Amino acid sequence: AGKCGACGPGYPSPLEAMKGVPAGPREQLLYLPCIYRNTGIGIPDFLATVDVDPKSPRYCQVIHRLPMPHVGDELHHSGWNACSSCHGDPGKSRRFLILPSLVSSRIYVVDVATDPRAPKLHKVVEAEELARKANAAFPHTSHCLGSGEILISCLGDPDGNGKGTFVLLDGETFEVKGNWEKGGKIPNLGYDFWYQPRHNVLLSTEWGVPKVLAQGFDPKDVERGHYGRHINVWDWQERRLVQELDLGAGSIPLEIRFLHDPSAAQGFVGCALSGDIRRFYRNPEGKWEAEKVIEVPSKKVQGWLLPEMPGLITDILISLDDRFLYFSNWLHGDVRQYDISDPKNPKLVGQVFLGGSISKGGPVTVVEDRELQDQPEPCVIQGKRIPGGPQMLQLSLDGRRLFVTTSLFSAWDRQFYPGLLAEGSVLLQLDVDTARGGLAVNPEFLLDFGKEPGGPCLAHEVRYPGGDCTSDIWL
């Protein structure tokens, strides 16, 4: 497979990607959406290109900024026009980055192939087209399909109500083709998704009602039913909702990841508010189930919004060899690494604190903690105390470098970490022990988005030009 001279984008398998056939596994560029919404700076969000080649004189610097044409988009997650799901099709190539805007509902298509170090805007899909053709808005996760089309999950309808719908984009023209689903029940809420045709399934998760969560987090809105609690199971071929796995009130399941091995009918989902990781799997009868395999206990605190502080699991990912699971606790401030060689019994093998709300010297006092003896020390890198907490994660293809950013969503950043809006977020790198497990902060790597020419901004999700373990799906 590694000698294929006329294949499409990506890699023939997750393990080939990890070995780096044919391009070599060391990433040299990163793309990050950078957000100005809610910062008080009235300029457009932009896509940053970051040099991460240690041999480069501009290592760990932003080398290009592509501003969007509008103000207030809230760029969020991104995807590709083509990835490893199209690997067998030599007519496809990974030329465009798909950038949905969570608040404005625009979708930007960015040309990253003409000059990977200086991407340029190719097309804007306006919110009006999503509304007219799909009655959809607030686009979130974008995945390319083996067909060459692009599938995007949405959080709601154009009025800001919750609606777990999907839109299909044409892979060549990027026009909205309509809704992916073909009638029947639609979930009340939407967020992330992952599909696996070998098992005829797409699984989606639920965040909250867009017009509610956009104002910030109110715990009472959980009681009012404005936040999610289900994994939604879709028949891939029929494009219909066939099962709803209720994970309990207040669970808020966010990022969902299948194991990368396409023959594996299982994976993991992070439940933000309940602070647990659930393993989902297909049972012998063909139905899908979910079980709790990791729990992050809340901490009893003083000086915070509530008397108990959840970890708030906001991002998870799985290494390409399906050996390690990583996740971030945005409020507690730690990134964790679990050995999932036995997916039913994950084992904690690495943990590091990168800021968070409970570090020493801050306004919060921990009065009861089932995990720690003492509050963690503040995270200081190159003399800078890191604001916010670890949020978005991206792992190098070879599994040795874990990149971390600290912004979640500008309205929630403003509420929980107001210093982020004034100081800007950061990009950090953790070194990973892939033999025994273990995480360590790389003290040489700090990209401070508080020093941007336009003023401090909020950097979010990381992508590599050659694909990565959260955007590529193998068939």
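For the stretch 14-459, which whole-number percentage of the solvent-accessible area (1.4 Å probe, protein heavy atoms only) is attributable to carbon and sulfur atoms? C and S fraction of accessible area: 47 percent. Solvent-accessible area per residue in the chain equals 36 Å², computed with a 1.4 angstrom probe and all protein chains kept.
Note: relative contact order over the chain, using C-alpha pairs below 8 Å and six or more positions apart, is 13 percent. Tally Lys/Arg at +1 and Asp/Glu at -1 over every other residue whose Cβ is under 14 Å from the Cβ of Gly160; what's the total? After counting each charged neighbour, the total is -2.
Fully extending the segment from Ile43 to Ser147 would add 33.7 nm, taking 0.36 nm per residue of separation and subtracting the current Cα-Cα distance. Thr470 sits among other residues whose Cβ lies under 11 Å from its own Cβ, and their net charge, with Lys and Arg +1 and Asp and Glu -1, is -4. Shown here: Kirkwood radius over Cα pairs in Å, derived from the displayed model; of the candidates (i) 23.3; (ii) 25.2; (iii) 22.1, it corresponds to (iii). Over the stretch 373-475, the hull volume per residue, using the convex hull of the C-alpha atoms, is 159 Å³.
Once a ≥ b ≥ c are taken as the square roots of the eigenvalues of the Cα gyration tensor of the stretch 225-361, is the result rounded (a/c under 1.5), prolate (a/b larger than b/c) or oblate (a/b not larger than b/c)? Oblate. Full extension of the chain between Glu223 and Arg239 gives 2.7 nm of extra length, using 0.36 nm per residue less the Cα-Cα distance.
The value of relative contact order for the stretch 257-362, using C-alpha pairs under 8 Å at least six residues apart, is 19 percent. The stretch between Asp53 and Lys287, if pulled fully straight at 0.36 nm per residue, gains 79.7 nm over its current Cα-Cα span.
Using just the C-alpha positions of the stretch 86-128 as equal point scatterers, what log10 of I(q)/I(0) does the Debye formula give at each q in 0.20, 0.25, 0.31, 0.32 1/Å? After summing over all Cα pairs, the log10 values are -0.69, -0.85, -0.98, -1.01. For Trp234, neighbours were defined as the other residues whose beta-carbon sits under 15 Å from its Cβ, and their charges (Lys and Arg +1, Asp and Glu -1) total +2. Summary of packing: across the peptides 421-434, 316-329, 37-50, the per-residue average of other C-beta atoms within 10 Å ranks them, highest first, as 316-329, 421-434, 37-50.
The values are calculated or read from the model by the stated rules, or taken from the named source; none is laboratory data. Only a predicted model underlies this, so the values are computations on that prediction, with no experimental measurement involved. In this analysis, Cβ positions are derived from the backbone assuming ideal geometry, glycine residues included, and neighbour counts consider all displayed protein chains. Note: accessible area is taken over every heavy atom of the protein model, side chains too, but ligands, DNA and RNA are not part of it. Shrake-Rupley method; radii C 1.70, N 1.55, O 1.52, S 1.80 Å.
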